[in-house]
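Before any comments, here is the structure.
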Amino acid sequence: MFIYINCLSENYQIGFQLPATEFMEGIINLHHHIFAFLVLILLFVGWLLFRTIFLFHHSKNSKPFLFNHSVSLETVWTLIPCFILAFIAIPSFALIYRLDELVEPSITYKVIGKQWYWTYEMTNILEDNPRVNNSFSFDSYMRPVEDLSEDPNSVGQFRLLSVDHDLVVPVRTPIRLVVTGNDVIHSWAVPALGVKMDAIPGRLNQVNLTIKYEGVFFGQCSELCGVNHGFMPIVVTALKMEDVKLLYAGMKVFNNVVIIEDPIERLIFHFYAKVL
Ligand SMILES: [Cu+2]
């Protein structure tokens, strides 16, 4: 079995992170589609420029053409861009409506952006488990640099990306994220999942996603929200449903705050260890 850590960059990487949801695949496909037009337009405009500069140089054409109007030319250079825009717009609308489509979610997570950390709340999960309060919340802070292990054998800790408590979600399960802000506008963005949702105080924004494979996905707040804007990363760990249940069963809920004990650390360490 393959487990990916999606934020890991390669030398000279210019492409996207490995997509983990259908949405991100759609976004990447749309990007490629638009990029093809971009290249064609670039070549065409470059060719026109080249011709204009070299063939119509005043040394070669000292006597200018006198025509100033061409209905057929104007029709062509109006219609062709219209068609190009339509070819771009049609798949773009298809994608944007697809992103908005509601699927009956199995689990709902509430994501609250705060200055400068994230709070996650979970509801309607594992009703059958008596050890877990039906709904609970926890805070997710960035691991400060000085807390990162200097042990070269330790894996899975990334400067400015690791957090103390990940959002652990099940794979291949429709999940709903309800995103809001507590103080100022934040933005919950995880590139590999194709999510960038504003966290606005007084407003609930909704994201539906189904993660395709197990892995650890990293993101950052993407709306300038104050001095520590760059220090409120997001970590989403997608595990098999059984593992998520195991994990939640091992959590302790104290004053409505989840204290995550060994299992998560062990599980996540286990995953990182498989990759690296
Ligand atoms: Cu923020």
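How about the stretch 61-113: which of its residues are touching a residue at least 24 places away in the same chain (Cβ under 8 Å) and charged (D, E, K, R)?
Residues of the stretch 61-113 that are touching a residue at least 24 places away in the same chain (Cβ under 8 Å), as a first pass: 84, 87-88, 91-92, 95, 98-99, 101-113.
If the condition is that a residue be touching a residue at least 24 places away in the same chain (Cβ under 8 Å) and charged (D, E, K, R), then 98, 101, 104, 110 are the ones that fit.
Out of (1) part of a strand (DSSP E or B); (2) within 14 Å of the ligand (Cβ to nearest atom), the odd one out for residue 208 is which?
So the condition that residue 208 fails would be (2).
Can you tell me how many residues within the stretch 100-143 are at pLDDT below 85 and not in a strand (DSSP E or B)? Reasoning before the result, please.
Here is the first cut: in the stretch 100-143, the ones at pLDDT below 85 are 100-107, 122-138.
Then keep just the ones that are not in a strand (DSSP E or B); that gives 100-106, 124-135.
Selection size over the stretch 100-143: 19.
Could you list, in sequence order, the residues of the stretch 30-45 that are in contact (Cβ under 8 Å) with a residue 12 or more places away in the chain, out of contact with any Pro (no Cβ under 7 Å at 6 or more places or on another chain) and closer than 30 Å to residue 175 by Cβ?
Of the stretch 30-45, the ones in contact (Cβ under 8 Å) with a residue 12 or more places away in the chain are 30-31, 33-34, 37, 41.
Checking the rest, the ones that are also out of contact with any Pro (no Cβ under 7 Å at 6 or more places or on another chain) come to 31, 34, 37, 41.
Across the stretch 30-45, the qualifying residues are 31, 34.
Give the stretch 211-230 a look and list any residue that's part of a loop (DSSP other than H, G, I, E, B) and within 15 Å of the ligand (Cβ to nearest atom), or say none.
Of all residues in the stretch 211-230, those part of a loop (DSSP other than H, G, I, E, B) come to 211-214, 222-228.
Once the filter is applied, which keeps residues that are part of a loop (DSSP other than H, G, I, E, B) and within 15 Å of the ligand (Cβ to nearest atom), the stretch 211-230 yields 222, 223, 224, 225, 226, 227, 228.
The values are calculated or read from the model by the stated rules, or taken from the named source; none is laboratory data. Bear in mind the structure is a predicted one, so any value in this text is a computation, not a measurement. All Cβ positions, even for glycine, are placed from backbone atoms using ideal geometry, and neighbour counts span all protein chains on display.
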